[in-house]
Structure formats: structure tokens, C-alpha cells
Amino acid sequence: MDPVRELLALTYFNNSIQQYLIAVAILVIGLLLINIFKRYLLRKLSQWVSKSETRIDDIVVRDVEKFGLPALSFLIFYWSLNSLDLSPKIERIVDVAIGVVSAFFVIRLISSTIQVVVSSYVRKQDNGERSHQIACA
């Protein structure tokens with residue numbers, strides 16, 4: 001057996017060096033793809049939607065950047081961990097962490113959505129009152 005195969009076959013905590021390298025590769029490639037998406041595609045999309053008259057598309061792009069990308073980053077981290085053979089105790093800890101972080105992202109998304117809806121409603125009411133005041137004057 002050659003030395004590289006021997007090195008890759010070494011096992012620590014029920015995982016070979018090769019399995020650890022695969023997990024790191026999943027993490028690095030995934031985060032790199034997210035960075036490319038954020039740097040190029042999301043920036044172009046932001047420039048494109050900023051030219052439109054509606055605010056909905058601006059909000060969607062902002063929410064993807066604010067909630068989607070961090071959630072996707074966390075999901076990639078989970079996939080890289082999930083590629084390893086973890087002990088039942090560590091798997092339970094990871095499952096609880098997944099639940100907590102997922103709840104955090106969902107609560108942030110709901111909170112942001114409520115904030116947008118309320119501010120939109122207040123803006124419409126404010127514009128309606130101004131139009132009514134102008135019409136009455």
C-alpha cells in the first residue's frame with residue numbers, strides 16, 4: 001500500500017482522514033459557491049430590482065441575502081458534518097443545534113415579514129391621510 005492511501009485510511013473518532021477531507025471539501029466548496037452567488041448574481045439582481053418601481057422585489061432580494069444565504073451556509077455546514085460518522089451523543093447535539101438555529105432563522109424571517117407588512121400598512125395610511133387632507137383643503 002502506498003503512503004498516501006495509508007494516510008487517508010487512518011481513522012480518528014470513527015472517521016478516516018479521507019472522510020474528514022471530504023467533509024472539509026463539502027464545506028469549502030459550498031461556502032465558495034455561496035460567496036460567488038452573493039458577489040456576482042445577488043449584486044446584479046439587486047441592481048436590476050432597484051430600478052423597478054415596486055418594493056416587493058427589493059424586499060425579496062434583501063431577505064434572500066439576510067436570511068437565505070446564512071441559512072444555506074448553515075445547511076452546508078450541516079451537510080459536511082452529516083457526511084461524517086458521528087457518535088450518537090454528538091449526533092443528538094447536532095440535531096438540537098439544527099433545531100435551535102432553524103427556529104432562529106424562521107423567527108427572524110417572520111419578524112422581518114411582519115415589520116415589512118406593518119410599515120407598508122402605515123405608509124399607505126399616511127399617504128391616504130395626506131391625500132384626504134389635500135382633497136379637503
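The values are calculated or read from the model by the stated rules, or taken from the named source; none is laboratory data. As the structure is a prediction and not an experimental result, all values here were calculated from the model. Note that we place each Cβ from the backbone using ideal geometry, even for glycine, and neighbour counts take in every protein chain shown. Accessible surface areas use protein heavy atoms only, side chains included; no ligands, DNA or RNA. Shrake-Rupley method; radii C 1.70, N 1.55, O 1.52, S 1.80 Å.
How many residues, within the range 29-51, are open to solvent by less than 40 Å² (accessible area, probe 1.4 Å) and part of a loop (DSSP other than H, G, I, E, B)?
Selection size over the range 29-51: 0.
For Phe67, indicate whether it is part of a helix (DSSP H, G or I), at pLDDT below 90 and surrounded by 11 or more Cβ atoms within 10 Å (Cβ to Cβ).
Against the criterion (part of a helix (DSSP H, G or I), at pLDDT below 90 and surrounded by 11 or more Cβ atoms within 10 Å (Cβ to Cβ)), Phe67 qualifies.
Is there any pair with a first residue in the range 107-133 that is outside any helix (DSSP H, G or I) and a second that is at pLDDT below 80 and open to solvent by 90 Å² or more (accessible area, probe 1.4 Å) whose Cβ atoms are under 9 Å apart and which are 6 or more apart or on different chains, and what are they?
none
With the checklist (1) assigned to a loop (DSSP other than H, G, I, E, B); (2) open to solvent by 90 Å² or more (accessible area, probe 1.4 Å); (3) not hydrophobic (A, V, I, L, M, F, W, C) in hand, flag the one item Thr54 doesn't pass.
(2)
Can Phe77 be described as of a type in the set (Phe, Trp, Tyr) and closer than 23 Å to Tyr12 by Cβ?
yes
Step by step: first the residues of the range 60-110, then only those that are more than 11 Å from the chain's Cα centre (by Cα) and of a type in the set (D, E, K, R), then the one that is farthest from Gln19 (Cα to Cα). Which residue is that?
So the residue we want is Arg62.
Condition check ((1) modelled with pLDDT under 85; (2) on the phi > 0 side of the Ramachandran plot; (3) open to solvent by less than 60 Å² (accessible area, probe 1.4 Å)) across all residues:
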{"residue": "Asp58", "(1), (2), (3)": "yes, no, yes"}
{"residue": "Trp79", "(1), (2), (3)": "no, no, no"}
{"residue": "Ser83", "(1), (2), (3)": "no, no, yes"}
{"residue": "Asp95", "(1), (2), (3)": "no, no, no"}
{"residue": "Ser119", "(1), (2), (3)": "yes, no, yes"}
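Restricting to the range 74-102, name every residue that is in contact (Cβ under 8 Å) with a residue 12 or more places away in the chain and farther than 26 Å from Leu32 by Cα.
Across the range 74-102, the qualifying residue is only Ser87.
Please go through the range 5-28 and pick out each residue that is open to solvent by less than 80 Å² (accessible area, probe 1.4 Å), in a strand (DSSP E or B) and farther than 18 Å from Tyr78 by Cβ.
Hit for the range 5-28 is Ser16, nothing else.
Between a first residue in the range 7-35 that is more than 30 Å from Glu65 (Cα to Cα) and of a type outside the set (Ser, Thr, Tyr) and a second residue that is open to solvent by 70 Å² or more (accessible area, probe 1.4 Å) and part of a loop (DSSP other than H, G, I, E, B), which pairs have beta carbons less than 6 Å apart while being 6 or more apart in sequence or on different chains?
Cβ pairs passing all conditions: Asn14/Asp85; Asn15/Asp85; Ile17/Leu10.
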